[in-house]
Amino acid sequence: MVHIAWSTLPTYSDGNALTAAHLNAIAANINATAVAVVTTAGDYVVATGTNALVRRHIASDAVTVNSTTTSGSYTNPTGDNGPVVTATTGAAAIIFTSVQQENLTTGDAVWSSFGITGATTDDPEDNRAIMSNSDATQGTRQGVTTYMSLTAGSNTFRMLFRVSGGKGEFDDRRLTVFSL
């Protein structure tokens, strides 16, 4: 993403002629406004510093097929690989997850989390996971994580799944990244 910064303009007084340099500085500031920075429907701007904006876009992916896993470690479920979102981020993002999940074995649980690769590398963790016990029916569960320690750049977010035992079932999985 292109970072565009605003420049402080000089004070003008009556009787002074505007030069090409003055007008170019004014034009550059107009081109640094939010309206000029966004280029696609759905874009938004994020402040990257004093008087500096960058364009961002919400990225999302969904997998609507029912898949399973018996893995005790975070993994892709059987038969598919996702959802996966690649986004240009700054140092932070808000990650929204949604899943219909259950464990088919009484007494066992399921977790849905996300890992990150690219500019940032971070494995999925239970502390940002959606967790369900086996006594719950396969209802939709949502999670929101504010991730404040990304390395700015291209980051890939991938939903991954695990069980405490038994067989986990996952359906209608959604991942949305709101880059900051």
Practice prompt. Per DSSP H run of n ≥ 4, the term is -39500 (n - 2.57); total these for the chain, divide by its residue number, and report the mean residue ellipticity at 222 nm rounded to 500 deg cm²/dmol.
Written response: -2000 deg cm²/dmol
Fill in: From the coordinates shown, semi-axes √(5λ) of the Cα gyration tensor in Å corresponds to which of (1) 47, 13, 12; (2) 26, 20, 14; (3) 70, 28, 10
(1)
Discussion item. If packing is taken as the average number of other Cβ atoms within 10 Å across a peptide's residues, how do 8-16, 59-67 rank, most packed first?
Written reply: 59-67, 8-16
Worksheet item: With +1 on each Lys and Arg Cβ and -1 on each Asp and Glu Cβ, how big is the dipole of the chain about its Cα centre, in debye rounded to the nearest 20?
Response: 320
Practice prompt. Give me the angle, in degrees from 0 to 90, between the Cα long axis of helix 20-30 and the longest principal axis of the Cα atoms of the chain, rounded to the nearest 10.
Written response: 30
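Read-outs throughout are calculated quantities, based only on the coordinates presented, and are distinct from any laboratory measurement. Note that the structure is predicted; figures quoted are calculated from it, not measured. Ideal geometry is used to build each Cβ from the backbone, glycine not excepted, and the neighbour counts take in all protein chains shown.
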